[in-house]
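Shown next, in structure tokens, is the structure this report addresses.
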Amino acid sequence: MLLCLVHGYDMFGSQEIVYMAFSALGLSEKLVRATQDQGYETPSPIQAQAIPAVLSGKDVMAAAQTGTGKTAGFTLPLLQRLSETQRNGKGVRALILTPTRELAAQVGESVALYGRYMNMSSTVVFGGVKINPQMMKLRGGVDVLVATPGRLMDLYQQNAVRFDALEVLVLDEADRMLDMGFIRDIRKILALLPAKRQNLLFSATFSGEIRTLAAGLLNDPVQVEVATRNTTADNVQQTVHPVDPSRKSALLSQLVSTNDWQQVLVFTRTKHGANRLTQKLEKDGITAAAIHGNKSQGARTRALANFKQGEVRVLVATDIAARGLDIKQLPQVVNFELPNVPEDYVHRIGRTGRAGESGHALSLVSADEGKLLAGIERLIKKQLPKEVVAGFEPTGEIIAKPKSNPGQNRGRGRGGNGGGNGRPAGAQSRGRGGNSQGNGRSSGGQGRGGQARRQD
């Protein structure tokens, strides 16, 4: 076996890190060949640390910037461990939970690609599509199941899935799962699983909430963290364009046209805003599509596929797409509106500059978004450069003063559907027909009795 070591230093320039070929991490030849098929020869820092930890059989708590290869960091060693034993019975051997449909589909694709040379069965289940075909796929058992929490509970209640043979549980994007209000579902699922299992928790951050969850889930975990919390990748150029709210759409159209951008991901705060912007771009002769929680799963899948294939130049998305979109060499991400929660900015712009590629993140910021900008700059610990585009000079100045309570918006359900009023989720749910479940999820679409229950 060829052993290839590359020495380097971490982002602080102090601790030596050793990078090695995938073949040196204890992975089988079949898995190494699968990584080579995808064009990968050397593991990323998160992979180099997480893969041996997972292979050891220990519980793992891992955090890294978005776009650094966390999915392969648990998928490869998971497949390796499952290959070493035989499936017994018709249950699920490994369960991977994700917060959104798009992320579930992405992870499911990775499992299939990396396991292509192995005799391993896998399937993906999420809401928004018919449940009967999913039940049929699960009837004979499956080695790896990728699922969103709500649909998984539906399948369990219909006796379509068994967990008695479960060996490994993975919580992917665990911080997002908590933000979207899935903690109750997660607790219900945990109660159904065998006590003896390996637990893997992967997240973009190690927030206080994540550490609390980990304390009740993980047993003496190996902790892996390869970057400071809530930081943006150095290879992503970030720019703020001050502009009046009424001229944002015109500025975006000009930027796309004059720069001849062929693939741009644009984020809005609301579903209706995404629809309006898409219509405006189409009127300007720019092919565009929207993806958000009100769209059917079929429409979301088609929009994403057309965007990846270059048939659509601009994909307008709410934060439902901030995680789970993995588009190679995506050159531009635009914040049409700043997110209400600063952490969402990090995840949004993490859609570009993936796997070491360069990227550009632009934010169209109006004077009334000064507090939001200040919160973002405080989180990432840097001031973003401001460039006024000629012909779009703003009438008001951005005054970047932070809110007195930066955490007051954390209760908002963040599936890309929040209205941005900053009220606690419980207060938001009251008085809204169909969403008054009292479960702490916002009416923005994440409540089990409301819209997000149908979205996962």
| Only one of (1) modelled with pLDDT under 95; (2) surrounded by 21 or more Cβ atoms within 10 Å (Cβ to Cβ) fails for Pro77. Which number is that? | (1)
| request: Taking Ala112 as the residue in question, decide whether it is without any contact (Cβ under 8 Å) to a residue 40 or more places away in the chain, among the small types (Gly, Ala, Ser) and not in a loop (DSSP other than H, G, I, E, B). | output: yes
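Conditions tested, residue by residue: (1) more than 30 Å from Gly391 (Cβ to Cβ); (2) at pLDDT below 90; (3) among the β-branched types (Val, Ile, Thr).
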position: Thr205; (1), (2), (3): yes, yes, yes
position: Thr212; (1), (2), (3): yes, yes, yes
position: Gly216; (1), (2), (3): yes, yes, no
position: Glu225; (1), (2), (3): yes, yes, no
position: Asp234; (1), (2), (3): yes, yes, no
position: Val240; (1), (2), (3): no, no, yes
position: Asp244; (1), (2), (3): no, no, no
position: Ala250; (1), (2), (3): no, no, no
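Suppose we filter Ala105, Ala112, Ala174 for residues that are crowded, with 24+ Cβ neighbours inside 10 Å and among the aliphatic types (A, V, I, L, M); which single one remains?
When all the criteria are applied, what remains is Ala174.
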| Name the residues in segment 265-307 that are at pLDDT 90 or above and of a type in the set (D, E, K, R), would you? | Arg269, Lys271, Arg276, Lys280, Glu282, Lys283, Asp284
| note | With criteria (1) free of Cβ contacts under 8 Å to residues at least 40 places away in the same chain; (2) under 16 Å from Leu218 (Cβ atoms), Leu95 comes up short on (1)
| remark: The residue from Thr68, Thr42 that alone is more than 19 Å from Gly115 (Cα to Cα) and of a type in the set (S, T, N, Q) is Thr68
| request: Evaluate the following for Leu193: is it farther than 30 Å from Thr287 by Cα, modelled with pLDDT of 90 or more, of a type in the set (A, V, I, L, M) and surrounded by fewer than 16 Cβ atoms within 10 Å (Cβ to Cβ)? | output: yes
| message | Between Thr85, Thr66, Thr42, which is assigned to a loop (DSSP other than H, G, I, E, B), among the polar types (S, T, N, Q), modelled with pLDDT under 90 and touching a Phe, Trp or Tyr at 6+ places or on another chain (Cβ under 7 Å)? | response | Thr42
| said: Can you go through Thr258, Thr278, Thr268, Thr287 and tell me which one is over 18 Å from the mean Cα position of the chain (by Cα), surrounded by 23 or more Cβ atoms within 10 Å (Cβ to Cβ) and outside the structural domain of Thr100 (by TED's automatic domain parsing)? | reply: Thr278
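The values are calculated or read from the model by the stated rules, or taken from the named source; none is laboratory data. Here the structure is a predicted model, which means the values were calculated and not measured. Cβ: placed from backbone, ideal geometry, glycine included. Neighbour counts: every protein chain shown.
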